[in-house]
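Participant: Sharing a structure below in structure tokens format, with a few things to ask.
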Amino acid sequence: MKPKAATIFTAYLLLAPALVLMLVFTFYPVLYGAYLGFTKYTAANLGSNTPPTWIGLENFRTVLSDELFRIGLVNSLKYLIIVPILQIASLAVAVLVNKQLPGMAFFRAAYYIPVITSISLAAVMWDWVFTREGLLNWLLEFFKIIDPSGSFGWLLNPNTALWAIMLVTFWRGFGYYMVLYLGGLQSIPSELEEAALLDGANAWQRFWKITVPLMRPTILLCSLLSSLAAIRVLEEILVFTNGGPLNSTYTVLMYVYQKSFGLDFDYGVASAAGLLLAVVGFVLSYINFRITREDPPKREAKA
Amino acid sequence: MKTAPVKLIGVAANYLVLSLIALFAIFPFLWTLAISITDKTVASGVSIFDFPQSLFPKAITFNNFFEVYRVFGLEKYLLNSIIISSLTVIGTLVVSAMAAYPLSKMTFPGRDLIFGAMLATLVLPSETNFIVNVLSLNKMGLLGTYWGVVIPTIATAFGIFVMRQTYVAVPDSLLEAARMDGATEFQILWRIMVPLSRPALTALGIFTLVNTWNSYFWPSVALLGADNLQPLSVAMLKLKGQFNHDSFNVAAGAMIMMIPVLVVFIAAQRLFMRGLEGAVK
């Protein structure tokens, strides 16, 4: 049966708000942003109301020869180190709270609280941890790991600032991935675990030989999400260090932000840098999908 | 078989590890809470870095809360947060509830294409969309207004999928019966679909509320130069700068921002633990 004209009209009427908003604020920015990457377009254009002028690959040349962009790219890629640590830890935590013991609901909830904490609140609280007289130094001195005379502010030291911020990313992230992993864990048949127990496998062996292989699809999905978030890290940097000290926490999106609204108001160059970042993101996704597709789990062959 | 004592030690070790992780997760809140209620006027003087005493305040007061409220003018930012969050929640619910209906229960040309395009937004690189969105808002004259912050964020594939998922579960026979009785599609949506999907609407509303309340980057960019419209999440850093030497006030301000989120979270815990992402499968 062909739908009536009135039905079609109603359908589009109901869809209209979502469609218009998505076209204007989701699709258009991707396309127009890509176009801007190939043009000269700055705050001066806005002032004189002149349209962007096509300059080909000029912006990309500017960006790629910019020392700051290179620093940003290196730092964004360095941030990927957080991914395996965060994923393994989250999976391990999920395994822990998946046990049938009383009080697990409390622990799950407690671990999720950092996830619902605004980054600006995290900045306020963690600043007190990282400062020279802060909690972290006190703990390290308490356990005699560092000497009080050698203490420093973790966010003020170019060697430690990025790692300190990664710790906050870890803190805000592990509860989130824990929930995703819990969903996957509940689909693992408990007989497998029990059989391994009877065979005398310890917790460590069960984790690496049963949980990790069976959770592979979830692990890969979470790793992808986590990797994309890592190379796109911006908010943490803005609230903690603004890219400093000595650009040691300067990331690619920080570059895009400073080029656009933070400092230079050069939308063309900022968009070009954004496009390059998108390419990095696509490469990461592609690698991830390749890993997901090929190499089916070997357990089938063995069984 | 393991003997009872060994088992007991295992369980104890489990709880020890769980508790240490819990401490890692929530110590910043406990510490901030302790600082916020510390009486800073005691003669001997107090420091927030005086461990471990600063975690267990001797004299308790709520003065820091009143002081930060009055001196910093916190009510302005609190009101901004409430306005921006309410508009965003209402907007998201209306737009999503409407758009999901034709996508789940009506047949019309272009449906699959539209649905596919919405799916695509999940993988589009959107991290630099803020550049063009600010330029667009500027052209529309909405930059530096509440609406400028709200409008670009309310139509999301996520919200539409959550609603669509619920609508799909509503039996077609129910809709057919209503259509036989002469109900229009709008009436079906309003009288049948919306009441039946109240749990999903609540879930989506709560997620949107918490996300908007906490969001930092987008409101800070969309309200560049309109400081008096900033939500609490953005003003928090200004607060930190202004009271650099009075951490007690900063902690009180932080608690004021965190408590509503905590209340919502505790009330709707199950929702978060289930992971709404699961609903979009």
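The values are calculated or read from the model by the stated rules, or taken from the named source; none is laboratory data. In this text, all values refer to a predicted model and were calculated from it rather than measured experimentally. Cβ coordinates were reconstructed from backbone atoms using ideal geometry, including for glycine residues, and neighbour counts include every protein chain displayed.
Participant: Consider A:TYR176 carefully, then state whether it is in contact with a Gly (Cβ under 9 Å, 6 or more places away or on another chain) and either small (Gly, Ala, Ser) or at the interface with chain B (Cβ under 8 Å from one of its Cβ atoms) (or both).
Facilitator: no
Participant: Something else about it: Output the number of residues of the range A:89-100 satisfying the condition of being under 15 Å from the mean Cα position of the chain (by Cα) and free of Cβ contacts under 8 Å to residues at least 12 places away in the same chain.
Facilitator: Final tally of qualifying residues: 0.
Conditions (1) under 29 Å from A:ASN137 (Cα atoms); (2) buried (at least 17 other Cβ atoms within 10 Å of the Cβ), marked per residue:
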position	(1), (2)
B:THR38	yes, yes
B:GLY45	yes, no
B:ILE48	yes, yes
B:PRO57	yes, yes
B:ILE60	yes, no
B:TYR69	no, no
B:LYS76	no, no
B:SER81	no, yes
B:ILE84	no, yes
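Participant: State all residues of the range B:97-146 that are of a type in the set (Gly, Ala, Ser), within 7 Å of chain A (Cβ to nearest Cβ) and either crowded, with 23+ Cβ neighbours inside 10 Å or within 21 Å of A:ALA6 (Cα to Cα) (or both); if no residue qualifies, say none.
Facilitator: Once the filter is applied, which keeps residues that are of a type in the set (Gly, Ala, Ser), within 7 Å of chain A (Cβ to nearest Cβ) and either crowded, with 23+ Cβ neighbours inside 10 Å or within 21 Å of A:ALA6 (Cα to Cα) (or both), the range B:97-146 yields only B:ALA99.
Participant: Among (1) within 21 Å of the chain's Cα centre (by Cα); (2) surrounded by fewer than 19 Cβ atoms within 10 Å (Cβ to Cβ), where does B:PRO219 come up short?
Facilitator: Looking at each condition in turn, B:PRO219 falls short on (2).
Participant: Residue by residue through the range A:198-210, note down the ones that are part of a helix (DSSP H, G or I) and at pLDDT 85 or above.
Facilitator: Once the filter is applied, which keeps residues that are part of a helix (DSSP H, G or I) and at pLDDT 85 or above, the range A:198-210 yields A:LEU198, A:TRP204, A:GLN205, A:ARG206, A:PHE207, A:TRP208, A:LYS209, A:ILE210.
Participant: Please specify each residue of the range A:101-118 satisfying the condition of being over 21 Å from the mean Cα position of the chain (by Cα) and at the interface with another protein chain (Cβ under 7 Å from one of its Cβ atoms).
Facilitator: Matches in the range A:101-118: A:LEU101, A:PHE107, A:ARG108, A:ALA109, A:ALA110.
Participant: Separate question: Name the single residue that is farthest from the other protein chains (Cβ to nearest Cβ) among those in the range A:260-271 being in a helix (DSSP H, G or I) and either within 21 Å of the chain's Cα centre (by Cα) or closer than 17 Å to A:GLY47 by Cα (or both).
Facilitator: Per the stated criteria, the residue is A:GLY268.
Participant: Moving on to the next point. Just one of (1) assigned to a helix (DSSP H, G or I); (2) under 17 Å from A:VAL168 (Cα atoms) trips up A:PRO213, so point out which.
Facilitator: Condition (2) is where A:PRO213 drops out.
Participant: If you don't mind, there's one more thing I want to ask. Residue check: is A:PHE107 farther than 23 Å from A:GLU236 by Cβ and among the aromatic types (Phe, Trp, Tyr)?
Facilitator: Judged against the criteria, A:PHE107 is a match.
Participant: Considering only the range A:250-259, state which residues are more than 9 Å from every other protein chain (Cβ to nearest Cβ) and under 15 Å from the mean Cα position of the chain (by Cα).
Facilitator: A:THR251, A:VAL252, A:MET254
Participant: With A:GLY281, A:GLY243, A:GLY274 as the choices, which residue is within 18 Å of the chain's Cα centre (by Cα) and not in a helix (DSSP H, G or I)?
Facilitator: Within the list A:GLY281, A:GLY243, A:GLY274, the selection yields A:GLY243.
Participant: Six or more apart or on different chains, Cβ under 8 Å: which pairs go from a residue in the range A:174-190 that's closer than 9 Å to A:THR218 by Cβ to one that's of a type in the set (D, E, K, R) and modelled with pLDDT under 95? Could you list them?
Facilitator: Close Cβ pairs satisfying both conditions: A:LEU180/B:GLU277.
Participant: Considering only the range A:32-53, state which residues are assigned to a helix (DSSP H, G or I), more than 9 Å from every other protein chain (Cβ to nearest Cβ) and surrounded by 12 or more Cβ atoms within 10 Å (Cβ to Cβ).
Facilitator: Result: A:ALA34, A:TYR35, A:ALA43, A:ASN45.
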